[in-house]
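Student: Let me give you the structure first, and then I'll get to my questions.
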């Protein structure tokens with residue numbers, strides 16, 4: 001008599017299953033089919049051990065790395081080498097040559113279900129027209145989601161200030177080579193250190209992503225509602241007074257029945273801006289004691305309307321406000337009114353796997369630029385006609401003809417008016 005212990009039942013069952021499966025397979029190859037009954041006894045389940053090592057992902061599964069670089073030449077068909085724009089591109093005008101406008105790497109990813117990080121350095125920052133290709137921090141922020149759907153987020157760190165649609169557009173995504181003077185003069189480099197709250201329903205967050213992924217030149221996801229406080233001295237500069245700026249923005253991308261996207265928006269900010277001693281020429285007055293101790297009043301409000309190019313599109317923004325501006329009559333910096341904006345028309349045409357987007361942009365600005373020396377006063381009229389050509393996802397070419405009339409007033413030159421034309425070229429590499 002053979003005695004089978006209880007502990008061997010599982011092994012016996014496994015052997016029977018193996019034998020039955022072999023017999024069945026052999027029967028399929030014979031000319032005479034033999035029916036084999038497979039026992040219904042299941043093998044013992046394997047014990048699965050869950051360890052922290054099995055759950056933990058490698059860093060390259062969490063963080064993504066991407067980037068882009070832009071190389072420009074601005075001197076073709078130039079009629080006036082003295083027509084420059086320090087805010088726009090430091091290689092414009094006399095002695096300008098081939099120029100690396102941007103060379104950026106972006107590190108981003110969800111390091112936790114509720115924490116997203118975004119860090120972007122630029123390897124080609126240009127502090128001045130004679131100093132090029134410095135490493136500089138552009139973005140370093142951290143999004144904390146307050147709910148599982150990530151509809152409510154708090155952003156902490158250095159990031160773009162939610163003021164102006166074109167300011168929020170990535171430079172890799174914008175059609176014209178430079179941002180417009182009127183809106184961009186509000187926040188140099190579009191960024192500052194602060195804390196922001198963003199809200200957008202999951203459906204609208206997907207819509208923001210869709211606008212970018214379809215190549216429609218969206219701004220990215222900065223919420224339907226954005227609120228925040230920030231230093232106010234602009235990116236990579238320490239705070240210079242005891243006041244914080246406050247900003248608010250509302251923007252909603254509508255999708256019409258025919259599939260057309262339209263996004264209106266309104267935004268505003270207020271605060272005190274300190275014109276620091278390194279920004280002031282000798283002999284220039286800062287007005288009264290309040291401006292020196294507390295800073296200059298810095299307030300703006302702007303309206304936005306974007307009709308996305310499907311295939312024809314329009315983009316327009318206009319802002320009004322007041323801020324520090326050089327006054328040549330008194331040789332001082334005063335709080336003065338400002339206003340200006342732009343209108344841009346574009347057309348998106350797919351040619352095989354390539355995309356061509358011709359465009360026209362007209363802009364005007366009247367006011368100060370607080371981040372320039374002596375908070376220089378500017379009067380700007382400019383028309384740009386050009387086209388962007390996306391050959392494939394890694395290479396994009398842009399050419400535009402610029403017709404400009406710019407007047408700059410500061411202590412070194414109380415009336416510097418220049419006008420002229422030029423053809424500008426850019427090659428952008430996405431990787």
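The values are calculated or read from the model by the stated rules, or taken from the named source; none is laboratory data. All figures in this text were calculated on a predicted structure; none of them were measured in a lab. Neighbour counts are summed over all protein chains in view; Cβ atoms, including those assigned to glycine, are modelled from backbone coordinates with ideal geometry.
Student: Does residue 262 fit the bill of being assigned by TED's automatic domain parsing to the domain that holds residue 211 and surrounded by 14 or more Cβ atoms within 10 Å (Cβ to Cβ)?
Tutor: yes
Student: If you don't mind, there's one more thing I want to ask. Please go through the range 321-332 and pick out each residue that is out of contact with any helix residue (DSSP H, G or I) (no Cβ under 6 Å at 6 or more places or on another chain) and either surrounded by 23 or more Cβ atoms within 10 Å (Cβ to Cβ) or closer than 15 Å to residue 271 by Cα (or both).
Tutor: Residues satisfying the conditions are 321, 322, 323.
Student: Here's something else I'd like to know. Being touching a residue at least 60 places away in the same chain (Cβ under 8 Å), in contact with a strand residue (DSSP E or B) (Cβ under 6 Å, 6 or more places away or on another chain) and assigned to a loop (DSSP other than H, G, I, E, B) is the filter here; which residues of the range 303-331 pass it?
Tutor: The answer is 308, 309, 328.
Student: Another question, if that's okay. How many residues are in contact with a strand residue (DSSP E or B) (Cβ under 6 Å, 6 or more places away or on another chain) and surrounded by fewer than 24 Cβ atoms within 10 Å (Cβ to Cβ) if we restrict to the range 149-164?
Tutor: Summing the residues that are in contact with a strand residue (DSSP E or B) (Cβ under 6 Å, 6 or more places away or on another chain) and surrounded by fewer than 24 Cβ atoms within 10 Å (Cβ to Cβ) in the range 149-164 gives 7.
Student: Can you pull out the residues in the range 393-422 that are exposed (fewer than 15 other Cβ atoms within 10 Å of the Cβ) and more than 27 Å from the chain's Cα centre (by Cα)?
Tutor: The answer is 412, 413, 414, 415, 416, 417, 421.
Student: Which condition breaks for residue 343 when tested against (1) at pLDDT below 95; (2) surrounded by 15 or more Cβ atoms within 10 Å (Cβ to Cβ)?
Tutor: In the conditions (1) at pLDDT below 95; (2) surrounded by 15 or more Cβ atoms within 10 Å (Cβ to Cβ), residue 343 misses (1) alone.
Student: When the range 242-268 is examined, which residues are found to be within 17 Å of residue 203 (Cα to Cα), assigned to a loop (DSSP other than H, G, I, E, B) and in contact with a strand residue (DSSP E or B) (Cβ under 9 Å, 6 or more places away or on another chain)?
Tutor: Answer for the range 242-268, where residues must be within 17 Å of residue 203 (Cα to Cα), assigned to a loop (DSSP other than H, G, I, E, B) and in contact with a strand residue (DSSP E or B) (Cβ under 9 Å, 6 or more places away or on another chain): 252, 253, 256, 260.
Student: Looking at (1) in contact with a strand residue (DSSP E or B) (Cβ under 7 Å, 6 or more places away or on another chain); (2) surrounded by 15 or more Cβ atoms within 10 Å (Cβ to Cβ); (3) modelled with pLDDT under 95, find the lone condition where residue 133 falls short.
Tutor: (2)
Student: Which members of the range 277-302 meet the condition of being without any contact (Cβ under 8 Å) to a residue 40 or more places away in the chain and either surrounded by 13 or more Cβ atoms within 10 Å (Cβ to Cβ) or at positive phi (or both)?
Tutor: 290, 292, 297, 299, 301
Student: I'm checking my understanding of the structure. Among residues of the range 94-130 that are part of a loop (DSSP other than H, G, I, E, B) and buried (at least 18 other Cβ atoms within 10 Å of the Cβ), which one is farthest from the chain's Cα centre (by Cα)?
Tutor: Restricting to residues being part of a loop (DSSP other than H, G, I, E, B) and buried (at least 18 other Cβ atoms within 10 Å of the Cβ), the top hit is 96.
Student: Residues to consider are 188, 182; find the one that is assigned by TED's automatic domain parsing to the domain that holds residue 273 and at pLDDT below 95. Quick ask: steps written out before the conclusion?
Tutor: On the way: 182 fails: at pLDDT below 95.
Every option except 188 fails the conditions.
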